[in-house]
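Right, one structure below, let's go through it.
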Amino acid sequence: MTVTRPMLNISADFDSGNIQVIDASDPRHVRLAIRPDTHSDHFQWFHFKVANLSLGERHDFVLENAGQSSYNDAWHGYHAVASYDQKVWFRVPSQYDGSALRFGLEPTQQQIWFAYFEPYSRERHDWLVEQALNLAGMQLIAVRKSAEGREIPLLRKGDGAPGKRKIWLIAQQHPGEHMAEWFIEGIIERLQQTDDKELNALLAVADIYLIPHMNPDGAFHGHLRTNAMGKDLNRAWQDSSAEYTPEVFFAQQQMDKYGVDLFIDAHGDEAIPHVFTAACEGNPGYTPRIADLELTFRQVLQAQTPDFQTLHGYTLDEPGQANMTLACNSVGARFDCLAMTLEMPFKDHDDAPNEVTGWSGKRSAQLGKDVLSAIGKVVHLLR
Ligand code: GEM
Ligand code: ZN
């Protein structure tokens, strides 16, 4: 009697889902492709579910268009993440041959999810905002609808009293960089601590402004890089508009209203296996004061956690050659303040690797807590 096993069922029609099935008839050679962002050629983020797995039998998956993705060299040394319950995620050994990305396993359960990084869901975002408002003593001081009508809240911890420093942190301008909202979750978790002396000392002199997610439309659609209008938000800080980049337009309006003394823009990086920052050395009018603040912050954060380093990162911009359409450079110039892009890896932080998870949501959240400590150590230097 021949036992015919059911066809694999592969789906991605859910929040941040992204996959195209080419041919799933052979479990030992499941042929897949990543779908590009809507109205854009960018792609790299993937997230899909596989059901009807045969326990203990080898299943192999191939992302056939990986070699045409936005940052295709970044697949070297990358390992996909997987979960049987969407809570515990682990790395699956993956191989990139310059054209396709391959990964596989012998499953222990009948369904599994695969993703480029541990996803941060819209449902968890809504829960996080509730946590911020109900438990962390934050206020909703403004909210804006995205292009497709999803709310983008601006939260503040503190009373906005004159003389207090304004610390701004925004996240996930690039929707596929899910580590960014995990980072914000760590900040909001720590803001719930009432007996945290170090934090209380910071909050005595500074207010914390958070936009936990800058690009909900792009994230929902499984985009890597753009919003629903096909725009890269981190290239819109010189010409944002209510029509095409309402997310940035809103953030800039609110920054102008409240002011900025320190700005951190949380991102993920596809290629570099380290946590690092990029800053404003290429800004016209870059000053020794800002240079000193950048150096001091990096030194303080490096002393705070082994999950940050200053050896690896982007090539420094030449003097006066910065791309001022980026949030970090635009905000740093507009407010003459310490402004940085914080990069977390899609791979691992090779200075302190974790073979099971690589870089993860939990490590991103811990980094958020450590960044608050670092901010507390430099807040008195900001002006
Ligand atoms: C990066 S920020 C790039 C900054 N580059 C230099 N040289 N300072 C982007 O937007 O491309 C952030 C990211 O996407 O992770
Ligand atoms: Zn980014």
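Tabulated data
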{"quantity": "Extended-chain gain in nm, criterion 0.36 nm per residue less alpha-carbon gap, Arg28 and Gln68", "calculated": "12.1 nm"}
{"quantity": "Residues of type lysines that Lys377 reaches as a straight line, Cα spacing below 25 Å, ignoring anything fewer than 8 places off in the same chain", "calculated": "Lys157, Lys164, Lys166, Lys197, Lys362, Lys369"}
{"quantity": "Contour excess over end-to-end distance, with Cα ends at Leu311 and Thr38 and 0.36 nm allotted per residue", "calculated": "94.7 nm"}
{"quantity": "Reduced Cα scattering model of the range 141-245, Debye log10 I(q)/I(0), q = 0.15, 0.16, 0.19, 0.22 Å⁻¹", "calculated": "-0.69, -0.76, -0.96, -1.14"}
{"quantity": "Projected-area average for the range 44-176 over all orientations - Cα convex hull basis, square nanometres", "calculated": "11.3 nm²"}
{"quantity": "Of Glu189, Glu294, Glu106, the one that fluctuates the most in a GNM where the chain has Cα springs shorter than 10 Å", "calculated": "Glu106"}
{"quantity": "Radius, Kirkwood style, for the range 218-367 when every pair of distinct Cα atoms is counted (Å)", "calculated": "16.5 Å"}
{"quantity": "Alpha carbon convex hull of the chain, projected area averaged over orientations, nm²", "calculated": "18.9 nm²"}
{"quantity": "Acute angle (nearest 10 degrees) that the helix 122-134 long axis makes with the longest principal axis of the chain, alpha-carbon atoms", "calculated": "30 degrees"}
{"quantity": "Residue order, fewest to most surrounding Cβ atoms within 10 angstrom, among Val248, Val143", "calculated": "Val143, Val248"}
{"quantity": "Estimated distance in nm for a label pair at Arg124 and Lys164, the labels positioned 7 Å out from Cα along Cα-to-Cβ", "calculated": "2.9 nm"}
{"quantity": "Convex hull volume of the range 33-80 per residue (C-alpha atoms, cubic angstrom)", "calculated": "92 Å³"}
{"quantity": "FRET efficiency estimate (nearest 0.05) - Cβ-Cβ, Ser54 to Glu318, R0 56 angstrom", "calculated": "0.50"}
{"quantity": "Ascending count of other beta-carbon atoms within 10 Å, so fewest first, for Val300, Val88", "calculated": "Val88, Val300"}
{"quantity": "Estimated FRET transfer efficiency when R0 is 30 angstrom, pair Glu148-Val21 (beta carbons, to 0.05)", "calculated": "0.75"}
{"quantity": "Asp195, Asp217 arranged by Cβ crowding within 10 Å, fewest neighbours leading", "calculated": "Asp195, Asp217"}
{"quantity": "Helix-only CD estimate at 222 nm, as mean residue ellipticity for the chain, using -39500 (n - 2.57) per DSSP H run (n ≥ 4)", "calculated": "-8000 deg cm²/dmol"}
{"quantity": "Spacing of the two label points (7 Å from each Cα toward its C-beta) at Gln111 and Phe14, in nm", "calculated": "0.6 nm"}
{"quantity": "Per residue convex hull volume, Cα atoms of the range 230-285, in Å³", "calculated": "126 Å³"}
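Computed from the coordinates by the stated procedures, all read-outs in this text should not be read as laboratory data. Because the structure is a prediction, the values reported are computed rather than measured. Neighbour counts run over all protein chains shown; Cβ positions are idealised from the backbone, glycine included.
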